[in-house]
Amino acid sequence: IEDRRSKSKLFFSVVKLGGQRKSFRRRGEEQNRYVDRLSFRTFILTLLIFILSTLDAFFTIIHLQNGGAGLNPLMRQIIQSGVGWFILVKSLGIGGLAWLLAIHQNFKISFYGMHVLTAIYSALLAYHLIWSYPLWRTLI
């Protein structure tokens, strides 16, 4: 009888919603393997990356409307296509990439990548808040 645990879950089986396996029962099985469901930490990090990316898009628009310059040439091109298009591409693009990292939650590079991405977007949000403080102060 072949041991069904000898094979890792396939990537595409993780993409579907549902499933029961969130973790592994045996030591040594947890790295570089797929599970059916995201861990709570991975879910929160993915949601946080999506929210921070969306906030970054809104603050970028405010920044540009008040005389700032966009540093990313690709995003500069997308902004010229329209503000709504820019926010959609930025939010769903980064959200999709975060989701891709989330699927690979048990792979070290993905685990670290999600934490680094969250830290970068948190720092970027702090920058936006500090930069926009004088603007908000004049509105209040």
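The numbers here are math on the coordinates, done by the rules we state, and not lab data. Just so it is clear, the model here is predicted, and its values are computed rather than measured. Note that we place each Cβ from the backbone using ideal geometry, even for glycine, and neighbour counts take in every protein chain shown.
Counting only Cβ charges, +1 for Lys and Arg and -1 for Asp and Glu, the dipole size of region 30-103 around its Cα centre is about 20 debye. At 7 Å along Cα-to-Cβ for each site, give me the label-to-label distance between Phe58 and Tyr112 in nm. Here the answer is 3.4 nm between the modelled labels.
Report note on the peptides 43-54, 65-76: ranked by the mean count of other C-beta atoms within 10 Å, highest first, their order is 43-54, 65-76. Summarising the label geometry, the points placed 7 Å from Cα in the beta-carbon direction at Arg76 and Tyr127 lie 1.5 nm from one another. State the answer as a single residue: which of Leu38, Asn72, Asn106 lies farthest towards the positive end of the charge dipole of region 32-140, with beta carbon charges of +1 for Lys and Arg and -1 for Asp and Glu, about the Cα centre. Among Leu38, Asn72, Asn106, the one farthest towards the positive end of the dipole of region 32-140 is Asn106.
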